Amino acid sequence: MGLLRRLVRLRRVARVLVLREAEDGTRTAEALRARGHEPLLLPLQTACLLDPPPGGGPVGGFIATSAHAAPWLARHAAGMPVLAVGARTAEALRGAGLGRVVEGPGRARDLVPMAAALGSKAGAPLVYAAGRLRLPDLETGLRARAVPFRTIEVYGMDDRVPDEAEIDRALAGGLPDAALILSRRQAELFEALAARRAALLHPALRPLCLSAAVAARLRPGRRGEWGERPTLDRLLALLD
């Protein structure tokens, strides 16, 4: 009986609340379905693409830590090397027509030695195509290594407040088994949502956070979980 219960548990379909903006959320839903789980889409953010000028002067290469930088880079980085934080960003950059994409291991701070090598080889400053809200790890690391660079903010994430009917549809099947929380702001927006729907305060709901820094933004007493590395694959593996 113990083995039977274990097999049933392993095969159980998890209902997972996905809070990402719509386009990213759709891709995450596909990844969840591929693992045999049921995504519940309830975007709490919407992407806002910006179009600042690239600035003057020589550029040795570009850095991207999000797929949302791809449209801007497609216009301004053609033919140039671009460091991508991980597989998803690299895929988006290649899909936008950029051919010289170098894929990083998944964390922004791990791009620092790669950026230092690229900057040294190119002999010109790098451009970090960043979001308005971001962790300081990459920029702090680049400054510590004295890597010449400049940051250009090319996208933002605006808060989105779903109406009651949309929340009802997402939660129609009852309490989700888990919620995917992939940024510090998402954690704050999730807790704001929980203040509207007390069911989301239930301790049985697992907050699956991209990192410890994200989990730290949850309300006191809520226990977040995160993977060994801050990647979506490692996070989804916690459901298996």
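The values are calculated or read from the model by the stated rules, or taken from the named source; none is laboratory data. No experiment lies behind these values; they were computed from the predicted model shown. Positions of Cβ are backbone-derived with ideal geometry, glycine not excepted, and every protein chain shown enters the neighbour counts.
Could you check region 58-83 and list, in sequence order, the residues that are under 13 Å from the mean Cα position of the chain (by Cα) and among the aliphatic types (A, V, I, L, M)?
Step one: list which residues in region 58-83 are under 13 Å from the mean Cα position of the chain (by Cα), which gives 64-69.
Those that are under 13 Å from the mean Cα position of the chain (by Cα) and among the aliphatic types (A, V, I, L, M): Ala64, Ala67, Ala69.
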Every residue in region 180-198 that is buried (at least 17 other Cβ atoms within 10 Å of the Cβ), among the aliphatic types (A, V, I, L, M) and touching a helix residue (DSSP H, G or I) at 6+ places or on another chain (Cβ under 9 Å), please. Leu180, Ile181, Leu182, Ala187, Leu193, Ala194
Could you give me the residue pairs with C-beta distances under 8 Å whose first residue belongs to region 18-34 and is in a helix (DSSP H, G or I), whose second residue is among the basic types (Lys, Arg) wherever it lies, and which are 6+ apart or on separate chains? Arg27/Arg88; Thr28/Arg20
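Having 1 or more residues that are polar (S, T, N, Q) and in the same structural domain as Pro39 (by TED's automatic domain parsing) is the bar; report the helices (runs of 4 or more DSSP H) wholly within region 156-231 that clear it.
Details: elements: 164-170, 184-196, 212-215.
By residue number, 184-196.
Looking at region 146-153, can you tell me whether even one residue there is within 30 Å of Ala90 (Cα to Cα) and under 18 Å from the mean Cα position of the chain (by Cα)?
As a first pass, look at region 146-153 and keep what is within 30 Å of Ala90 (Cα to Cα): 146-153.
Of the ones still in play, those that are also under 18 Å from the mean Cα position of the chain (by Cα) are 153.
Yes.
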It is to be established whether one or more residues within region 169-179 are farther than 23 Å from Leu111 by Cβ, buried (at least 19 other Cβ atoms within 10 Å of the Cβ) and within 19 Å of the chain's Cα centre (by Cα). yes
